[in-house]
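Peer 1: Take a look at the following structure, please.
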Amino acid sequence: MKRPLIRGDSRLVFLLGYPVAHSLSPQIHNFAFAKLELPHVYIPLPVGPGHLHTAVHMLRAAGALGANVTLPHKQRAASLCDVLSPLSFRIGTVNTLYFRDNLLHGTTTDPEGFLRALASMGHDARGGHVVLIGSGGIARTLAAALAAARIPSSLTLAGRHRERTTVLAHEIAVAMNFPVTACALDDPAIGDAMSRCTLLVNCTSAGLHPKVDETPLDKKYLHPGMTVFDTIYNPAKTRFLAEAEAAGCCIQNGLRMLLYQGLASFSLWTGIDVREEIFDLDQLQHGISG
């Protein structure tokens, strides 16, 4: 990989999160900066609890192009923005910060990355029965985006924690004026939701390296004709995806979602739309090195 250009007019982009050492985002963006011969640098910045406010102020002081925001700061960062996109305003989370007219804007490109990744595998979620596993930030963002766009026929949140999942489903239903069902993973009703499911999405960390033996859902609920999407990309094929593939499901991990949401952020910082063809996905899966 060509090294990023660093000159007197170089601009910085940061990844704000805790931890950040595992992220592939620096490889994606620094590769694109070098490929396009832009003198910018993307830097992962571990920001511990209580320090996000200082880090966000640093962006303006450093003349940064902006930042990505990851766990655990997506909701707190939204409260520090001058302007929020309509979806981020309604759900209270951001994953991208950028400047316009000296104002700090916040938005989330995760939905665009998710829907573009689905399209790349030929899945159209419109009118389908979608089940999202999880009750955290990714589940919140994707559920809100699906509901706001009126994409599925039915939308179910399934989680380990009944109360947390129910609260999240209610918040999204109210904010988006769209019916959202909540179901605990140990509830017998999960069987009915899964029997109708056409798109199943894991929004939890179950199966994330190094806990590769974990899976968010018993394989007995998987069936042919169901598309199964895991937001995890490390490992490339989680136990969850392997069991789904064995059950006859069409599967995809989270690598394309990461790439596509990153390219949407890149456009906001630079005004340039990057073609995905400049990336080798197999190479990217192992960290861009060539």
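Values quoted throughout were computed directly from the atomic coordinates according to the rules given, and no laboratory measurement underlies them. Predicted model, so just to flag it, every value in this text is computed and none were measured. With ideal geometry, Cβ positions are generated from the backbone for all residues, glycine too; neighbour counts draw on all protein chains shown.
Peer 1: Output the 0 to 90 degree angle, nearest 10, between the alpha-carbon long axis of helix 110-120 and the longest principal axis computed from the alpha carbons of the chain.
Peer 2: For helix 110-120, the angle is close to 70 degrees.
Peer 1: Using only the Cα atoms of region 173-290, construct the convex hull and provide its projected area averaged over every direction, in square nanometres to one decimal.
Peer 2: 10.1 nm²
Peer 1: Given +1 on the Cβ of Lys and Arg, -1 on the Cβ of Asp and Glu, and no further charges, what dipole in debye does region 111-253 carry about its Cα centre, rounded to the nearest 20?
Peer 2: So the magnitude is around 160 debye.
Peer 1: Just to be sure I follow the rule: in the chain, considering lysines 8 or more places apart or on different chains, how many pairs have Cα atoms under 30 Å apart?
Peer 2: Taking the chain as the scope, the lysine pair count is 11.
Peer 1: Placing +1 on the Cβ of each Lys and Arg and -1 on the Cβ of each Asp and Glu in the chain, which of A55, M176, V228 has its Cα farthest towards the positive end of the resulting dipole?
Peer 2: A55
Peer 1: I would also like to ask the following. Given R₀ = 41 Å, FRET efficiency for E277-H53 by Cβ-Cβ distance, to 0.05?
Peer 2: 0.55
Peer 1: May I pose another question? Of M257, I133, L97, which is farthest towards the positive pole of the chain's charge dipole, taken about the Cα centre with +1 and -1 on the beta-carbons of Lys, Arg and Asp, Glu respectively?
Peer 2: Going by the Cα projections, it comes out as L97.
Peer 1: Between H223 and R126, take the C-beta separation as r, use R0 = 22 Å, and let me know the FRET efficiency to the nearest 0.05.
Peer 2: Values: r = 21 Å, r/R0 = 0.94.
Calculated transfer efficiency: 0.60.
Peer 1: Still on this model: Can you list the residues, at least 5 places off or on another chain, whose amide H is less than 5 Å from the amide H of L15, using H built in the peptide plane?
Peer 2: I43, L45, N68
Peer 1: What list of whole percents do you get for P(r) of region 5-45, with Cα-Cα distances grouped in 5 Å bins up to the one holding the largest distance?
Peer 2: 6, 26, 30, 21, 12, 6
Peer 1: To continue, here is another question. Please give the charge dipole size of the chain, origin at the Cα centre, charges +1 on K and R Cβ atoms and -1 on D and E Cβ atoms. Round to the nearest 20 debye.
Peer 2: Here the size comes out at about 400 debye.
Peer 1: GNM, the chain, Cα, under 10 Å: largest mean-square fluctuation among V174, V201, V56?
Peer 2: Looking only at V174, V201, V56, the biggest GNM fluctuation is shown by V174.
Peer 1: Moving on to the next point. Using alpha-carbon positions, what is the distance between the centroids of region 171-250 and region 90-162, in Å?
Peer 2: What the calculation gives is 15 Å, centre to centre.
Peer 1: Tell me, what are the semi-axes, in whole angstrom and largest first, of the equivalent ellipsoid of the chain as set by the roots of 5 times the Cα gyration tensor eigenvalues?
Peer 2: 32, 22, 16
Peer 1: Take I43 and S153, extend 7 Å from each Cα along the Cα→Cβ direction, and tell me the distance between the two endpoints in nm.
Peer 2: A separation of 5.2 nm, rounded to one decimal place.
Peer 1: Per DSSP H run of n ≥ 4, the term is -39500 (n - 2.57); total these for the chain, divide by its residue number, and report the mean residue ellipticity at 222 nm rounded to 500 deg cm²/dmol.
Peer 2: Estimated from H runs of four or more residues: -10500 deg cm²/dmol.
Peer 1: Right, another one. So how strong a dipole does region 1-118 carry about its Cα centre when Lys and Arg Cβ are +1 and Asp and Glu Cβ are -1, to the nearest 20 debye?
Peer 2: About 160 debye.
Peer 1: Calculate how steeply helix 255-270 sits against the longest principal axis of the alpha-carbon atoms of the chain, using the helix alpha-carbon long axis, and give the answer as 0 to 90 degrees to the nearest 10.
Peer 2: 40 degrees
Peer 1: Given points 7 Å out from each Cα along the Cα-Cβ axis, report the L71 to D101 separation in nanometres with one decimal.
Peer 2: 3.7 nm
Peer 1: Also, quick follow-up: Can you compute the FRET efficiency between I6 and A246 using 1/(1 + (r/R0)^6), with r the Cβ-Cβ distance and R0 = 35 Å? Round to the nearest 0.05.
Peer 2: Numbers: r = 48 Å, r/R0 = 1.37.
Between I6 and A246 the formula returns 0.15.
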